[in-house]
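First up is the structure itself, then whatever we jot down about it.
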């Protein structure tokens, strides 16, 4: 067959594949829209709303975890600095006043 016919056949096959893909995507979008409307109509949360709520909860938990880790690291740093300063003062014949509770 001539090259122009081969090109025409290949082009038509490509257009048919692309058309099938677009048709499938449109059907999926219609089904998704219908489900979203049903959730709104029944008052239930949508999948996106549930995911947003879960993401917010995860962020809050991660924030709390990071906050506790930072607090622990800061306490450790302050304790190390206190010990170093006490050692330096003791070397100079001075002392740190401590509460005896």
Any residue at all in the range 52-62 that's loosely packed, with under 10 Cβ neighbours inside 10 Å, assigned to a helix (DSSP H, G or I) and out of contact with any helix residue (DSSP H, G or I) (no Cβ under 9 Å at 6 or more places or on another chain)? no
Conditions (1) surrounded by 10 or more Cβ atoms within 10 Å (Cβ to Cβ); (2) modelled with pLDDT under 90 -> residue 14 fails only (2)
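The values are calculated or read from the model by the stated rules, or taken from the named source; none is laboratory data. Note that the structure is a prediction, hence the values are computed from the model and not measured. Positions of Cβ are backbone-derived with ideal geometry, glycine not excepted, and every protein chain shown enters the neighbour counts.
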